[in-house]
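I have placed the structure first, in the form of structure tokens, so that the comments after it can refer back to it.
The values are calculated or read from the model by the stated rules, or taken from the named source; none is laboratory data. All values reported here derive from a predicted model rather than from experimental measurement. Methodologically, a virtual Cβ is constructed for each residue, glycine included, from the backbone with ideal geometry; neighbour enumeration extends over all protein chains shown. Side chains included, ligands, DNA and RNA excluded: accessible areas come from the protein's heavy atoms. Shrake-Rupley method; radii C 1.70, N 1.55, O 1.52, S 1.80 Å.
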Amino acid sequence: MTATEEAVEIYRRLAADNPAAAEPDLARSLTNWAWVRYEAQQDPSGALRATGEAVEIYRWLVTAVPAQFLSPLRSVLGLQADLLLRLGRMREAEAIRRWLRENPLPPDPHNR
């Protein structure tokens with residue numbers, strides 16, 4: 001857990017100086033931070049906040065490079081839905097799951 005906390009703090013500092021370069025790593029670190037806490041069943045509210053921040057970053061990144069960031073966005077949204085379920089927030093979790101079903105990844109043109 002300490003390593004994920006350190007990674008988030010490092011990437012936060014880097015993103016403050018150069019958002020374009022560090023925000024993808026910050027979003028990935030936030031997702032990892034949340035995932036570790038989800039698996040350990042510790043601090044689900046904090047993990048939910050971390051996924052919210054990662055989703056916000058990924059949504060911005062998807063507008064610039066959808067092919068690179070849509071899959072990580074979908075992954076963190078799935079984790080967010082799982083956290084919401086754990087917190088008893090069924091409607092919000094289902095809204096995310098519905099969005100994921102209605103917005104599948106486009107086919108990969110490299111896999112033919």
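Details
- Restricting attention to segment 93-112, the residues that are in a helix (DSSP H, G or I) and in contact with a helix residue (DSSP H, G or I) (Cβ under 9 Å, 6 or more places away or on another chain) add up to 7.
- Just so you know, in segment 1-55 the residues that are charged (D, E, K, R) and under 18 Å from GLY78 (Cβ atoms) include one that is least open to solvent (accessible area, probe 1.4 Å), and it is ARG37.
- Hits in segment 56-112 - residues which are acidic (Asp, Glu) and either surrounded by fewer than 16 Cβ atoms within 10 Å (Cβ to Cβ) or more than 15 Å from the chain's Cα centre (by Cα) (or both): GLU56, GLU92, GLU94, GLU102, ASP108
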